[in-house]
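Engineer: Let me give you the structure first, and then I'll get to my questions.
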Amino acid sequence: QKVGNYALSQIIIYYLLLTVLRLTIADGVGMGFQVSEEIKDGAITHYLLKPFSYPLEQLLKLLAQATVNAIFVVPILIFLGFIFKSVLIVPAFPQIIAFIGLGFVGLIFYYLIYFLSALSSFWIYKARSVIYGMIVVSSLLNGSLLPLDLFPSWFQEIGRYTPFQFLMFIPIQAYLGRITNLRELIALAIMWILIISLAIAITWKLGIKKFEAVGQ
């Protein structure tokens, strides 16, 4: 049996890994809501008085949380793999490494996308709506609803050039051994990381100036 260009076993693995990624690297969404509230309530003031970067602190917290999540989730995944070994095919070692590496890239994009969205709180009182909007867009373009290559070709073309594909779709494709353009994907990821990081740096600087002006 096949679903599009996926064997049934691959679809099962796809949605299982989707759940794994949501439980391990997707805490950036919650981080975005937290940052938004801290900006809105003025709670970032005491962070600004510390000789430490607030954006960097949020990233380190996210990395720590992802590590804790993985410690609990990976043993469960191994257990399920043993129970359903007739369906859940274990890939070659390079595919596992690619999945882990690209999963880390996905974590970085969760941080970048939702931290940047949260910075809208400097100008918008109910910036949670911006984050909710980003969740909707992300769900369409990251492969959460359906694998991106099951959508119409015009939609695939849109998704192919956005950073959202790195959140879920690309790491899972790496696990399934369906990536043939790894170098191009890495180059695209680096480009988007630089672009969003620059946008965060500029927005943070402008936002802090506005925040300090209001505080005075």
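The values are calculated or read from the model by the stated rules, or taken from the named source; none is laboratory data. It should be emphasised that the depicted structure is a prediction, and the values quoted were computed from it without experimental measurement. So basically every Cβ, Gly included, is an ideal-geometry build from the backbone, and we count neighbours across all protein chains shown. These area figures cover heavy atoms from the full protein model, side chains too; ligands, DNA and RNA do not enter into them. Shrake-Rupley method; radii C 1.70, N 1.55, O 1.52, S 1.80 Å.
Per-residue answers, yes or no, for (1) open to solvent by less than 80 Å² (accessible area, probe 1.4 Å); (2) in contact (Cβ under 8 Å) with a residue 40 or more places away in the chain; (3) assigned to a helix (DSSP H, G or I); (4) not polar (S, T, N, Q):
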{"position": "14", "(1), (2), (3), (4)": "yes, yes, yes, yes"}
{"position": "17", "(1), (2), (3), (4)": "yes, yes, yes, yes"}
{"position": "33", "(1), (2), (3), (4)": "yes, yes, yes, yes"}
{"position": "43", "(1), (2), (3), (4)": "yes, no, no, yes"}
{"position": "51", "(1), (2), (3), (4)": "no, no, no, yes"}
{"position": "59", "(1), (2), (3), (4)": "yes, yes, yes, yes"}
{"position": "75", "(1), (2), (3), (4)": "yes, no, yes, yes"}
{"position": "96", "(1), (2), (3), (4)": "yes, yes, yes, yes"}
{"position": "108", "(1), (2), (3), (4)": "yes, yes, yes, yes"}
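Engineer: Could you list all residues from region 115-159 that are in contact with a helix residue (DSSP H, G or I) (Cβ under 8 Å, 6 or more places away or on another chain), assigned to a helix (DSSP H, G or I) and β-branched (Val, Ile, Thr)?
Structural biologist: Of everything in region 115-159, those that are in contact with a helix residue (DSSP H, G or I) (Cβ under 8 Å, 6 or more places away or on another chain), assigned to a helix (DSSP H, G or I) and β-branched (Val, Ile, Thr) turn out to be 130, 131, 135, 137, 158.
Engineer: What is the residue count in region 118-132 for residues that are open to solvent by 30 Å² or more (accessible area, probe 1.4 Å) and of a type in the set (Gly, Ala, Ser)?
Structural biologist: Residues in region 118-132 being open to solvent by 30 Å² or more (accessible area, probe 1.4 Å) and of a type in the set (Gly, Ala, Ser): 1 in total.
One line per residue, one yes/no per condition, for (1) open to solvent by 30 Å² or more (accessible area, probe 1.4 Å); (2) under 19 Å from residue 164 (Cα atoms); (3) of a type in the set (Lys, Arg); (4) without any contact (Cβ under 8 Å) to a residue 12 or more places away in the chain:
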{"site": "70", "(1), (2), (3), (4)": "yes, no, no, no"}
{"site": "83", "(1), (2), (3), (4)": "yes, no, no, yes"}
{"site": "88", "(1), (2), (3), (4)": "no, no, no, no"}
{"site": "102", "(1), (2), (3), (4)": "no, yes, no, no"}
{"site": "116", "(1), (2), (3), (4)": "yes, yes, no, no"}
{"site": "134", "(1), (2), (3), (4)": "yes, yes, no, no"}
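Engineer: Then there is this: Read through the list (1) farther than 22 Å from residue 62 by Cα; (2) of a type outside the set (S, T, N, Q); (3) surrounded by 18 or more Cβ atoms within 10 Å (Cβ to Cβ), then give the number of the only condition that residue 158 fails.
Structural biologist: The number of the failed condition is (3).
Engineer: Please indicate, with yes or no, whether at least one residue in region 163-176 is closer than 24 Å to residue 10 by Cα and either among the basic types (Lys, Arg) or not in a helix (DSSP H, G or I) (or both).
Structural biologist: Yes: region 163-176 contains one or more residues that are closer than 24 Å to residue 10 by Cα and either among the basic types (Lys, Arg) or not in a helix (DSSP H, G or I) (or both).
Engineer: Taking only pairs six or more apart or across chains, which ones have beta-carbon atoms under 6 Å, a first residue in region 164-187 that is in contact (Cβ under 8 Å) with a residue 12 or more places away in the chain and on the phi < 0 side of the Ramachandran plot, and a second residue that is among the polar types (S, T, N, Q) and open to solvent by 40 Å² or more (accessible area, probe 1.4 Å)?
Structural biologist: Pairs found: 175/95; 176/10.
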